[in-house]
Amino acid sequence: MKKTVLTFGLIGGAIMAAMMFATLPFMDKIGFDKGAIIGYTTMILAFMLVFFGIRSYRENVNDGRITFGRAFAVGILITVVACVCYVIAWEILYFNFMPDFLDKYSSYVIEKARSSGASQQLIEAKLQEMKSFKEMYSNPLINAAITFTEPFPVGLIITLISAAILRKKTTATPSDDAQPAQVQVQ
């Protein structure tokens, strides 16, 4: 199971990390709304590897059979590995190349609130919320925990669906005791 989990988890994580490295530097041009769409679409595509990982485990390791529980375990472990790769990529980008990301994001959130006609009180509350978030986000452990929660729900849903689709129960083989009784004719 370890080889399957690492192989498919690392490939899924590499897909998410590659897309992050490719798109985040251009967030000013892409925009935060389109960036979120690109990001979550990439997550869905990357987490398709959960399905293929469970299927690979079922066919190559488990002789074509897998229970929902084992399929879920394989899938969620693949998800965790991919999410860890995503977190590592974000930590590298955020702390080394994009330390102003939250300033830009805060400006975007405040401008969006203003353009939607929010009251000054609501705008001030959003501003305080973003300041608090920025302070919290400066701690790498909290940053990593928050970042982990971005792709994990997507992976969890795909794991549940994949485990349900791919489960194959053991086919029962009749035992010698279950032979039909023979009738003797005299």
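Assorted remarks:
- 98, 19, ranked by accessible area, largest first (probe 1.4 Å): 19, 98
- Under 14 Å, Cβ to Cβ, from residue 20 - net charge with Lys/Arg +1 and Asp/Glu -1: -2
- Distance-filtered residues of the stretch 26-42 - backbone nitrogen under 16 Å, label point 7 angstrom along residue 118 Cα→Cβ: 32-33
- Counting only residues at least eight positions apart within a chain, or on another chain, the aspartates and glutamates with an alpha carbon under 13 Å from that of residue 134 are 100, 103.
- Computed with a 1.4 Å probe on the full set of protein chains, the accessible area for residue 63 sits at about 120 Å².
- Computed helical MRE - 222 nm, the chain, DSSP H runs ≥ 4 contributing -39500 (n - 2.57), nearest 500: -24000 deg cm²/dmol
- Using only the C-alpha atoms, the convex hull of the stretch 125-165 corresponds to 62 Å³ per residue.
- Zone residues, the stretch 33-50, relative to residue 108, backbone N less than 19 Å from point 7 Å out along Cα-to-Cβ: 33-44
- Relative to the current alpha-carbon distance between residue 6 and residue 146, full extension at 0.36 nm per residue lengthens the span by 48.1 nm.
- For the chain, dividing the convex hull volume of the Cα atoms by the residue count gives 168 Å³ per residue.
- Centre separation in Å (Cα based) which lies between the stretch 1-60 and the stretch 70-147: 18 Å
The values are calculated or read from the model by the stated rules, or taken from the named source; none is laboratory data. Everything numeric in this text was worked out from a predicted model, so none of it was measured. No Cβ is skipped: glycine too gets one built from the backbone with ideal geometry, and neighbour counts run over all protein chains shown. Just so you know, the surface numbers come from the protein's heavy atoms only, side chains and all, with ligands and any DNA or RNA stripped out. Shrake-Rupley method; radii C 1.70, N 1.55, O 1.52, S 1.80 Å.
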